[in-house]
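Visitor: So that we are looking at the same thing, I have put the structure below in structure tokens.
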Amino acid sequence: MAIVSSKITMAFNLFLVLSLVFTVSTAQRKLMNVDMNDGVPQVGMQCKSLYSVQDGDTCYDLVQTFHLTTSTFELFNQNLDCDNLFIGQWICLNNVTIY
Ligand SMILES: *[C@@H]1O[C@H](CO)[C@@H](O)[C@H](O)[C@H]1NC(C)=O
């Protein structure tokens with residue numbers, strides 16, 4: 001009995017952790033879209049493709065790796081501080097226009 005209930009507790013905890021992770025990443029995406037639209041009349045811009053920063057990445061590396069130009073990179077990531085990238089930070093690699 002005790003074993004069965006601890007398995008249920010473990011499954012439930014896993015569910016809680018997963019839903020927390022999902023909630024956080026959704027919130028992060030929303031935050032990002034708000035940042036990109038901040039004060040600029042780009043009503044319809046939304047990030048289509050996201051990349052999570054890895055150890056040692058620089059903005060320059062990302063521009064090279066994803067075949068972007070500095071100006072599109074800056075357009076997609078308007079409030080990004082390239083001197084202070086952190087692991088797990090979301091970078092926008094492509095946009096879509098929504099109406
Ligand atoms: C999406 O990116 C392109 C450049 O790749 C840019 O010309 C266009 O303005 C962007 N769309 C919006 C809504 O900002």
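The values are calculated or read from the model by the stated rules, or taken from the named source; none is laboratory data. Source: prediction; values computed, not measured. Positions of Cβ are backbone-derived with ideal geometry, glycine not excepted, and every protein chain shown enters the neighbour counts.
Visitor: Which residues, taken from region 46-62, are buried (at least 17 other Cβ atoms within 10 Å of the Cβ) and within 16 Å of the ligand (Cβ to nearest atom)?
Guide: Cys47, Leu62
Visitor: Quick one: in region 79-88, which of the residues that are surrounded by fewer than 17 Cβ atoms within 10 Å (Cβ to Cβ) and not charged (D, E, K, R) is nearest to the ligand (Cβ to nearest atom)? Working first, answer last.
Guide: Going through region 79-88, the residues surrounded by fewer than 17 Cβ atoms within 10 Å (Cβ to Cβ) turn out to be 79, 81-84, 86-88.
From what's left, not charged (D, E, K, R): 79, 82, 84, 86-88.
Details: Asn79: 14, Cys82: 19, Asn84: 24, Phe86: 25, Ile87: 26, Gly88: 24 Å.
Residue satisfying both the conditions and the ranking: Asn79.
Visitor: In this structure, is Gln42 at pLDDT below 95, surrounded by 15 or more Cβ atoms within 10 Å (Cβ to Cβ) and in a loop (DSSP other than H, G, I, E, B)? Lay out the reasoning, then the answer.
Guide: Numbers: at pLDDT below 95: yes; surrounded by 15 or more Cβ atoms within 10 Å (Cβ to Cβ): no; in a loop (DSSP other than H, G, I, E, B): yes.
Answer is no for this residue.
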